[in-house]
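Participant: Starting off with a structure, shown below.
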Amino acid sequence: MVRLILGIESSCDETGVALVRLPGPKARPQLLAHALHSQIAMHQAYGGVVPELASRDHIRRVLPLTQAVLQQAGLALSAVDLVAFTRGPGLAGALLVGAGVACALGAALDLPVLGVHHLEGHLLSPFLGADPPEFPFVALLVSGGHTQLMRVDAVGRYALLGETVDDAAGEAFDKSAKLLGLPYPGGPALARLAEGGRAQAFRLPRPLLHSGTLDFSFAGLKTAVLTQARKLGDELPAHTADLAASTQAAIVEVLVKKSLAALQQTGLQRLVVAGGVGANALLRAQLDAACSARGVRVHYPELQLCTDNGAMIAMAAAMRVQAGLVRPERDYAFDVLPRWSLQDIAA
């Protein structure tokens, strides 16, 4: 019987390892320990993630992080019952590192292994917090590469309500930040700069806001930021805070109003927000206010678990095992799925 799950995340530029315990068939899985290494400092010199460097760094970090997590939990590797890893989506080379290490550990210890969907990890990450949600709920997945609204009825029962047709919200933050001359990672830098700016200083578009659908589009917003920056010319440095605040306000307004529309369409009274952009303070404040006025509960992962991490991978594996959706096997011939759709794993 699976009791202790080791989770490994290596889909992009963060190496994460965690231990999650399954107390029983109906009890909520518990996070025992986790460790994370971010590659931000390494990639800053290039203004973005360099896939080959990311993969090489994962190789260096994953085993020391595993040892640190075991030590933190006061457990030996022999106590692990299942090794879970991110199978996709993500950078192919980075994914191969986590998959290879997980399957090597499984083979060496005669343990079953399980490939986990990265977005399902984000989707279920609020269950790691002190205020876990209850099914069913609407989920807003907002990260560097994905912006989706989902109806979630249970583990593995996901219905896509809307998604981005081009740039994701995280990409809009990062690309706009780069246009303003901000360092990598651009999203958090833009949010910090926006704190000192005026959100109404520039009139920027809210693409697809009144489309009647729950889809998103942020490429046009990025183009509008570029156009405005060029108009300002030499005066841009004096207006970067205002332009950052206006950009953030446009992104957040679209995310909030589409989320409210999804709640109205489904008739549900619970919203889960997950992914790196879910840490944005303005987004949280506006969602909290709007949902409170409508009697809707909002759930977020802990701030430290908004970005990619091993805890969400171990948790997703635990909840899939607990729900009886998977039977982990001792099959160590692995592959990765860099463009894996969340729809493909629905129960």
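Participant: As a test question: what accessible area, to the nearest 10 Å², does Arg294 have when a 1.4 Å probe is rolled over all protein chains in place?
Facilitator: Its heavy atoms expose roughly 140 Å² to the probe.
Participant: With an 8 Å cut-off on Cα pairs and a minimum separation of 6 or more residues, tell me the relative contact order of the chain in percent. Please list the in-between numbers first.
Facilitator: Values: 767 pairs, mean separation 88.3, N = 347.
Contact order relative to length: 25 percent.
Participant: While we're on this one: Using amide H atoms built in the peptide plane, which far-off residues or other-chain residues are under 5 Å from Leu4 H to H?
Facilitator: Distant-sequence amide H within range of Leu4: Leu22, Asp81, Leu82.
Participant: Under 15 Å from the Cβ of Leu182, count the other residues' Cβ atoms, weight Lys and Arg +1, Asp and Glu -1, and hand me the total.
Facilitator: Values: positive: Lys175, Lys178, Arg192, Lys222; negative: Glu171, Asp174, Glu195, Asp242.
That sum, taken over residues with Cβ under 15 Å, equals 0.
Participant: With a cut-off of 8 Å between alpha carbons and a minimum separation of six or more residues, what is the relative contact order of the range 245-347 in percent?
Facilitator: Values: 53 pairs, mean separation 22.8, N = 103.
Answer for the range 245-347 is 22 percent.
Participant: When a/c is below 1.5 the answer is rounded, else prolate if a/b is larger than b/c, else oblate, so apply that to the range 129-169 with a ≥ b ≥ c taken from the square roots of the Cα gyration tensor eigenvalues.
Facilitator: Values: a/c = 3.18, a/b = 1.61, b/c = 1.98.
Oblate.
Participant: Over the chain, with a single point scatterer placed on each C-alpha, what log10 of the ratio I(q)/I(0) does the Debye formula yield at q = 0.11 1/Å?
Facilitator: Log10 I(q)/I(0), no solvent term: -0.71.
Participant: Name the lysines eligible as straight-distance cross-link partners of Lys222: C-alpha to C-alpha under 29 Å, and not fewer than 8 places from it in the same chain.
Facilitator: Result set, ordered by chain and number: Lys175, Lys178, Lys231, Lys257, Lys258.
Participant: Largest first, what is the accessible-area ranking of Ile251, Ile59 with a 1.4 Å probe? Could the numbers behind the result be given before it?
Facilitator: Working: Ile251 0, Ile59 110 Å².
In descending accessible area the options line up as Ile59, Ile251.
Participant: For Ala323 and Arg297 in one chain, what is 0.36 nm times their gap in residues minus the Cα-Cα distance, to one decimal in nm? Let's see the in-between values first.
Facilitator: Values: separation 26, 0.36 × 26 = 9.36 nm, distance 2.42 nm.
The Ala323-Arg297 span can extend by a further 6.9 nm.
Participant: Oh, and also: Can you sort Glu120, Glu163 by solvent-accessible area, 1.4 Å probe, largest first? Before the final figure, lay out the partial values.
Facilitator: On the way: Glu120 0, Glu163 70 Å².
Sorted by accessible area, descending: Glu163, Glu120.
Participant: Additional query: For the chain, what does -39500 (n - 2.57) per DSSP helix run (n ≥ 4), summed and divided by total residues, give at 222 nm, in deg cm²/dmol to the nearest 500? Before the final figure, lay out the partial values.
Facilitator: Numbers: 10 runs with 143 residues, N = 347.
Value at 222 nm, helices only, nearest 500: -13500 deg cm²/dmol.
Participant: With +1 assigned to the C-beta of every Lys and Arg and -1 to the C-beta of every Asp and Glu, and no other charges, what is the dipole magnitude of the chain about the Cα centre in debye, to the nearest 20? Don't skip to the answer; put the middle values down first.
Facilitator: Values: 29 positive and 29 negative charges, 117 e Å.
With Lys and Arg at +1 and Asp and Glu at -1, about 560 debye.
Participant: Hey, another quick one. Could you please put Asp344, Asp13 in sequence from largest to smallest accessible area, using a 1.4 Å probe? Walk me through the numbers before you get to the answer.
Facilitator: Details: Asp344 115, Asp13 20 Å².
Ranked list, largest accessible area first: Asp344, Asp13.
Participant: Of all the accessible heavy-atom surface of the chain, with the other protein chains kept in place and a 1.4 Å probe, what percent is carbon and sulfur? Please list the in-between numbers first.
Facilitator: Numbers: 7560 of 14620 Å².
Accessible surface attributable to carbon and sulfur in the chain totals 52 percent.
Participant: Probe 1.4 Å, all protein chains in place: accessible area of Asp153 in Å², nearest 10?
Facilitator: It works out to around 50 Å².
Participant: If you don't mind, there's one more thing I want to ask. When DSSP assigns beta bridges and you keep just the ones with both residues in the chain, what percent turn out antiparallel, to the nearest 5?
Facilitator: Working: 27 of 44 bridges.
Around 60 percent of the beta bridges assigned by DSSP in the chain are antiparallel ones.
Participant: Sticking with this structure for a sec: Take each of the peptides 31-41, 232-242, average the number of other beta-carbon atoms within 10 Å over its residues, and list them starting from the highest. Intermediate results must be reported in sequence, preceding the final value.
Facilitator: Details: 31-41: 18.5, 232-242: 13.6.
Packing proxy ranking, top to bottom: 31-41, 232-242.
Participant: Using r as the Cβ-Cβ distance of Ala27 and His210, and R0 as 51 Å, what FRET efficiency do you calculate, to the nearest 0.05?
Facilitator: Numbers: r = 45 Å, r/R0 = 0.88.
After rounding, the FRET efficiency stands at 0.70.
Participant: Right, next: For a test of the definition: using alpha carbon positions, the gyration tensor, and the 1.5 limit on a/c, classify the range 1-158 as rounded, prolate or oblate.
Facilitator: Working: a/c = 1.78, a/b = 1.08, b/c = 1.64.
In terms of gyration-tensor shape, oblate.
Participant: Of Ala189, Ala172, Pro25, whose Cα points farthest to the positive end of the dipole of the chain (charges on the beta-carbon: +1 Lys, Arg; -1 Asp, Glu; origin at the Cα centre)?
Facilitator: Most positive-ward Cα: Pro25.
Participant: Oh, and also: What spacing in nm lies between the two simple spin-label points modelled at Arg56 and Ala108, each 7 Å away from Cα in the Cβ direction?
Facilitator: Using points 7 Å along Cα→Cβ, the separation is 2.3 nm.
The values are calculated or read from the model by the stated rules, or taken from the named source; none is laboratory data. Quick caveat: nothing in here was measured; it's all calculated off a predicted structure. Methodologically, a virtual Cβ is constructed for each residue, glycine included, from the backbone with ideal geometry; neighbour enumeration extends over all protein chains shown. Heavy atoms of the whole protein, side chains included, go into the accessibility calculation; ligands, DNA and RNA do not. Shrake-Rupley method; radii C 1.70, N 1.55, O 1.52, S 1.80 Å.
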